[in-house]
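Undergrad: So that we are looking at the same thing, I have put the structure below in structure tokens.
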Amino acid sequence: MQRCNMKNIVDFIQNTFKTKEFVPLHEPRFIGNEKKYLNDCIDSTFVSSVGKYVDTFEKEFALRVGSKYAIATVNGTAALHVSLLLVDVKKDDEVITQPLTFIATCNAISYLGAKPVFVDVDIDTMGLSPDSLKRFLEKNCEIKNSTCINKISGKVIKACVPMHTFGHPCRIDEIKEICDKWNISLVEDAAESLGSYYKNRHTGTFGKVGAFSFNGNKIITSGGGGVIVTDDEAIAKRAKHITTTAKIPHPYEYVHDEVGYNYRLPNINAALLVAQLEQLDGFLASKRELALRYKEFFSKSEIVFAEEPKESKSNYWLQAILLSDKNQRDEFLEFTNKNGVMTRPIWRLMNELEMFKDCQRDNLKNAKYLEQRVVNIPSSVIL
Ligand SMILES: *Cc1c(COP(=O)(O)O)cnc(C)c1O
């Protein structure tokens, strides 16, 4: 790519964000009731493990995404860890996921002593490919006593964790159908996709359990935070039980009936989150508007702007573009980061990391293609 083209891109982004200074990739916005609720929370003295903001948040969140239950957690990784535990993932089980994801997905699988198995993504969604999933299962697996067994490793494939990359929904209904057929529990990593819908249904609500994150870089934030959603009452009860201390209700005695995780979201973080959730519609509108501007701008260039997939409504959390090859990508990253515009490559494939290099995988053709080309560009809500 010519330098002058890259200079144009930097100018366009700085103009869009109305600055000649550094443009970060993604900044949080606290422009609603954040300070009011935080003050109220501090005045009440209930800043910690119980309080009305946790309850309010859980109710509002469940309503917002259309799930029966929502259980707040201390972060998204904890939400994923417990989600996998809730569908009975155990030591030496296997969990199918995509190689193109944030490390937290694979960390959560590892906390349970299970191993990820990597199946390719689709180019247009950047999320797990139902066709590749089906092919993988038909080639390598069989059902024995209602359990999916990997014939190569002899291990049980207990769960499948697709991820909605940058907020773009993957083909989750097809993935669900395949998982149902193979008796594999579907757990959605919806950490990036609050506000994203597939066929008019909110992402994270297709699986048995779904996990979201409210880390500082996500579409709404509580500093750190997460949530588990489910429609299953028994799972929801157990989620609350083990994300606290697994205490049996009693007026004063301490009796605990299993190992708990203390993954509770403090009330003070929940106060921030209730205020952020009130602003989600505005944030979504701003991001969609930004996506349109980027789309129009890049339509005049050789760079491809990543649009929401068919039959989906994306939250456009992190805007992404595809460069024509790795050299061009590297040049682009070098130039933009040197010239005041923060850009980042998509993640290294999980199977290339030391901890997961021996995990089973299919050819990962699309994941490799995307890994070399995808770059995130500034995506903050514009005030
Ligand atoms: C952010 C994120 C998480 C979890 O995030 P926390 O930082 O633990 O809240 C998990 N998976 C994906 C894909 C993410 O982007």
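The values are calculated or read from the model by the stated rules, or taken from the named source; none is laboratory data. The structure displayed is predicted, hence computed values, not measured ones. Virtual Cβ from ideal backbone geometry, glycine too; neighbours counted across all protein chains shown.
Undergrad: Where in segment 138-219 are there strands (runs of 3 or more DSSP E), lying fully within it, with 3 or more residues that are more than 28 Å from Ile321 (Cα to Cα)?
TA: Values: elements: 141-144, 147-150, 157-161, 185-189, 209-213.
Passing ranges, in order: 141-144, 147-150, 157-161.
Undergrad: Pick from Lys35, Lys115, Lys59: which is within 20 Å of the chain's Cα centre (by Cα), charged (D, E, K, R) and surrounded by fewer than 24 Cβ atoms within 10 Å (Cβ to Cβ)?
TA: Exactly one residue qualifies, and that residue is Lys115.
Undergrad: Further question on the same structure: Being among the hydrophobic types (A, V, I, L, M, F, W, C), buried (at least 20 other Cβ atoms within 10 Å of the Cβ), in contact with an Asp or Glu (Cβ under 8 Å, 6 or more places away or on another chain) and over 30 Å from Gly113 (Cα atoms) is true for just one of Leu318, Leu290, Leu273. Which residue is that? Write out each step before concluding.
TA: Working: Leu290 fails: in contact with an Asp or Glu (Cβ under 8 Å, 6 or more places away or on another chain); Leu273 fails: in contact with an Asp or Glu (Cβ under 8 Å, 6 or more places away or on another chain).
It is Leu318.
Undergrad: What's the total number of residues in segment 181-224 that are on the phi > 0 side of the Ramachandran plot and buried (at least 21 other Cβ atoms within 10 Å of the Cβ)? Before you say what the answer is, go through the steps one by one.
TA: Here is the first cut: in segment 181-224, the ones on the phi > 0 side of the Ramachandran plot are 183, 195, 199-200, 204, 223.
With buried (at least 21 other Cβ atoms within 10 Å of the Cβ) added as a condition, the list becomes 195, 204.
The qualifying residues number 2.
Undergrad: For residues that are touching a residue at least 40 places away in the same chain (Cβ under 8 Å) and either in contact with a His (Cβ under 8 Å, 6 or more places away or on another chain) or over 23 Å from Asn217 (Cβ atoms) (or both), tally how many sit in segment 357-371.
TA: Adding up the residues that qualify gives 9.
Undergrad: Here's another thing I want to ask about it. Restrict the check to segment 111-128 and report whether at least one residue is touching a residue at least 60 places away in the same chain (Cβ under 8 Å) and in a helix (DSSP H, G or I).
TA: First, pick out the residues of segment 111-128 that are touching a residue at least 60 places away in the same chain (Cβ under 8 Å): 115-126.
Now drop any that are not in a helix (DSSP H, G or I), which leaves none.
There is no residue in segment 111-128 that is touching a residue at least 60 places away in the same chain (Cβ under 8 Å) and in a helix (DSSP H, G or I).
Undergrad: For segment 290-317, how many residues are over 12 Å from Ser196 (Cα atoms), within 23 Å of the chain's Cα centre (by Cα) and touching a residue at least 40 places away in the same chain (Cβ under 8 Å)?
TA: 4
Undergrad: Scan segment 321-334 for residues that are surrounded by 20 or more Cβ atoms within 10 Å (Cβ to Cβ) and not aliphatic (A, V, I, L, M) and jot them down.
TA: Residues satisfying the conditions are Arg329, Phe332.
Undergrad: Let me ask another. Among the residues of segment 71-92, count how many are of a type outside the set (A, V, I, L, M), part of a helix (DSSP H, G or I) and either touching a His at 6+ places or on another chain (Cβ under 9 Å) or more than 12 Å from the ligand (Cβ to nearest atom) (or both).
TA: In the first step, residues of segment 71-92 are kept if they are of a type outside the set (A, V, I, L, M); the result is 73, 75-77, 81, 83, 88, 90-92.
Next, from what is left, pick out any that are part of a helix (DSSP H, G or I): 76-77, 81, 83.
Now restrict to residues that are either touching a His at 6+ places or on another chain (Cβ under 9 Å) or more than 12 Å from the ligand (Cβ to nearest atom) (or both): none.
Of the residues in that region, 0 qualify.
Undergrad: Could you count how many residues in segment 276-301 are in a loop (DSSP other than H, G, I, E, B) and over 21 Å from Phe61 (Cβ atoms)? Explain how you work it out, then say what you get.
TA: So the first thing to find is which residues in segment 276-301 are in a loop (DSSP other than H, G, I, E, B), and the list is 279, 299-301.
With over 21 Å from Phe61 (Cβ atoms) added as a condition, the list becomes 299-301.
Within segment 276-301, residues that are in a loop (DSSP other than H, G, I, E, B) and over 21 Å from Phe61 (Cβ atoms) number 3.
Undergrad: Out of the residues in segment 184-225 that are touching a Ser or Thr at 6+ places or on another chain (Cβ under 6 Å) and near the ligand (Cβ under 10 Å from one of its atoms), state the one that is nearest to Ser379 (Cα to Cα).
TA: Among those residues, the one meeting the criterion is Ser193.
Undergrad: Looking only at segment 93-109, decide whether some residue is closer than 27 Å to Val259 by Cβ, of a type in the set (A, V, I, L, M), part of a strand (DSSP E or B) and within 16 Å of the ligand (Cβ to nearest atom). Quick ask: steps written out before the conclusion?
TA: Initial filter on segment 93-109 (closer than 27 Å to Val259 by Cβ): 93-97, 102-109.
After this cut, where a residue has to be of a type in the set (A, V, I, L, M) as well, the list is 95-96, 103-104, 108-109.
Keeping just the survivors that are part of a strand (DSSP E or B) gives 95-96.
Narrowing further to those that are within 16 Å of the ligand (Cβ to nearest atom): 95-96.
Yes: segment 93-109 contains one or more residues that are closer than 27 Å to Val259 by Cβ, of a type in the set (A, V, I, L, M), part of a strand (DSSP E or B) and within 16 Å of the ligand (Cβ to nearest atom).
Undergrad: Follow-up question, since we're still on this one. For Lys176, indicate whether it is touching a strand residue (DSSP E or B) at 6+ places or on another chain (Cβ under 8 Å), at pLDDT 95 or above and among the charged types (D, E, K, R). If you could, list the steps in order and put the result at the bottom.
TA: Working: touching a strand residue (DSSP E or B) at 6+ places or on another chain (Cβ under 8 Å): yes; at pLDDT 95 or above: yes; among the charged types (D, E, K, R): yes.
When the stated conditions are applied, Lys176 passes them.
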